[in-house]
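Okay, structure first, notes after.
The values are calculated or read from the model by the stated rules, or taken from the named source; none is laboratory data. Everything numeric in this text was worked out from a predicted model, so none of it was measured. Because the Cβ atoms are built from the backbone with ideal geometry, glycine has one as well, and the counts that use them run over all protein chains shown. Surface accessibility is based on the protein's heavy atoms, side chains included, excluding ligands, DNA and RNA. Shrake-Rupley method; radii C 1.70, N 1.55, O 1.52, S 1.80 Å.
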Amino acid sequence: MESSETSKRGFLVRSLDMIERVGNKLPHPVTLFAIFALLVVLFSGIFASLGVQVADPINEGEVIEVKSLMSSEGIQYIFESAVKNFTGFAPLGTVLVTMLGIGIAERSGLISAALRGLVTSVPKQLMTAALVFGGIMSSMASDAGYVVLVPLGAVLFAGLGRHPLAGLAAAFAGVSAGFSANLLLTSLDPLLGGLTIQAAETVNPEYAAGMNYMMNYYFMIASVFLLTIVGTFVTDKLVEPRLGKYKGSIEEESMSHLKPEEKKGLWFALFAILGTVAVLSLLVVPSWGPLRGEGDVTSWPFFQVLVPIILIVFFVPGFVYGKVTKSIKDDKDVANQLSETMATMGSYIVLAFVAGQFVAYFNETKLGTVMAVNGAEFIQGLGFSGDNMFYSILLILIFILVAGMINLFIGSASAKWAIMAPVFVPMMMNLGYSPELTQLAYRIADSTTNVISPLLPYFAIVIVFAQKYDKKVGIGTLISTMLPYSIFFTITWIIMLVVWMLTGVPLGPNAPIHYPG
């Protein structure tokens, strides 16, 4: 038995090593996105000339055609949209603005001191679980977890004398592969729920009227604990052993004891954080608060402006800490630290320009939409009957796998669901399964494959964070590191879903497994 387990583990490690070697032989991410962009232009011309089109699943009677970028209009678009594609690249502003606040907190010494204090007070055996759990819960702040928690995970593990890339991977897994799970409602619930309810209305308006945005809430609460356990296991037993011991110098620096002035600075920084939060709460808590809205909490203006709020929450205590410890003496020091932070983002800015072109071309040509509709039609054409539980579960599994494959090419959860919901929600209702169950299966597929998709908007910035500790990190390294999370999250989440289906426990308030119609 022991030799068998060793053999299995050896095979897994060898497989991941092969994926890493092959992946790292790919061109630099900047070059790779440039190649992708050129391929989109080429294939758009070919498919458009062949008249490739699909029926529009949203607007009945209309069709979606592939738009050529090799035509006169397409070439004009390429030149006219270049600047807009760059500045409109979704993660660019989020990353740069957030990094301004983090930069002051880091270069003033606050983050280093806080983490050194943390590693001496928190049990080491709980650190991985805390990091994965924090990553999962970070979806409350939308995409902020990518640029806040992922790099902090690496620094935290380095401070413990562990491999920083393991900490980065654990945080990335929680933030991205566990994006759908949370103990609270997030902006994703009404975003997807609205599309699901709209699709259900086409079959049974009365049933749709009784649906709510909390339709997957019970399942997602349980998922937080499941994914935390699985993510901890994968990190400690698979990912970190494969990475080996980190030999960088950051370990000793991070583990040094706090000096008296650093302890004093941390206390003042804590008071600064509490004061900042108190002031910001006045914008949200009172009924007259300008960032407070009406109706569902996740639709309040507060959740739309989290990026500048995060900037303030990091900047203020970082500045206070710097003043107390003398690492910031005047405004020139602040300006210099901000400039130094932006200087480190140069490679990401270059990557964002090329990636922005590719994403814009992909959307403009409708290639992603055509791919998603064809995937939906493939599943629908299988013709499984809802009378047989085995076939029904098999259909759900195939749906998860196809949706996961589509997610490798189309990152936006709402964009994919806007295409797929009008097809799958009615189909599953006709088979006797609720719209709530269909949406849940989609959320599983959409989350678990995020961490292995190079086309995820934040995939590039994670590589940049990783290269701080290992200059050789490439696409292959990150994919091979994150693949175990994707596999184990998918398998355990599916098992949990199947058990839930067999027991018939509601997925959320007034959200059954079976469609009563």
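Report yes if some residue within region 419-435 is farther than 24 Å from PHE362 by Cβ and modelled with pLDDT of 90 or more; otherwise report no. Checked against the condition, which is being farther than 24 Å from PHE362 by Cβ and modelled with pLDDT of 90 or more, region 419-435 yields at least one hit. Residues in region 466-477 that are open to solvent by less than 40 Å² (accessible area, probe 1.4 Å) and under 13 Å from LEU26 (Cα atoms): 5 in all. Restricting to region 431-463, name every residue that is buried (at least 22 other Cβ atoms within 10 Å of the Cβ) and over 20 Å from LEU191 (Cβ atoms). Hits for region 431-463 are TYR433, VAL451, ILE452, PHE459, ALA460, ILE461, VAL462.
ILE400 passes every criterion in (1) under 16 Å from THR438 (Cβ atoms); (2) modelled with pLDDT under 90; (3) aliphatic (A, V, I, L, M) apart from (2).
Being of a type in the set (Ser, Thr, Tyr) and either out of contact with any Phe, Trp or Tyr (no Cβ under 7 Å at 6 or more places or on another chain) or open to solvent by less than 30 Å² (accessible area, probe 1.4 Å) (or both) is the filter here; which residues of region 187-226 pass it? Matches in region 187-226: THR196, THR202, TYR207, TYR213, TYR217, TYR218, SER223. Inside region 37-63, can you point out the residues that are touching a strand residue (DSSP E or B) at 6+ places or on another chain (Cβ under 6 Å), open to solvent by 70 Å² or more (accessible area, probe 1.4 Å) and in contact (Cβ under 8 Å) with a residue 60 or more places away in the chain? Correct list: GLN53 only. The set of residues from region 209-225 being free of Cβ contacts under 8 Å to residues at least 40 places away in the same chain and among the hydroxyl-bearing types (Ser, Thr, Tyr) is empty. Looking only at residues in region 64-93 that are open to solvent by less than 30 Å² (accessible area, probe 1.4 Å) and polar (S, T, N, Q), the one that is modelled with the lowest pLDDT is ASN85.
For the criterion of being small (Gly, Ala, Ser) and at pLDDT below 80, SER414 passes. Among the residues of region 21-36, are any open to solvent by less than 100 Å² (accessible area, probe 1.4 Å), at pLDDT below 80 and of a type in the set (Val, Ile, Thr)? Checked against the condition, which is being open to solvent by less than 100 Å² (accessible area, probe 1.4 Å), at pLDDT below 80 and of a type in the set (Val, Ile, Thr), region 21-36 yields at least one hit.
Filter region 324-343 down to the residues that are surrounded by 15 or more Cβ atoms within 10 Å (Cβ to Cβ) and out of contact with any Phe, Trp or Tyr (no Cβ under 8 Å at 6 or more places or on another chain) and list them by number. Result: THR325, ASP333, GLN337, LEU338, THR341.
Residue count for region 130-145, restricted to those that are modelled with pLDDT of 85 or more and within 11 Å of the chain's Cα centre (by Cα): 2. For region 478-515, filtering for residues that are crowded, with 21+ Cβ neighbours inside 10 Å and at pLDDT below 90 leaves 1. Residues that are under 27 Å from GLY109 (Cα atoms), surrounded by fewer than 18 Cβ atoms within 10 Å (Cβ to Cβ) and at pLDDT 85 or above occur at least once in region 280-298.
In region 260-309, the residue that is farthest from GLY145 (Cα to Cα) out of those that are polar (S, T, N, Q) and in contact (Cβ under 8 Å) with a residue 60 or more places away in the chain is SER299.
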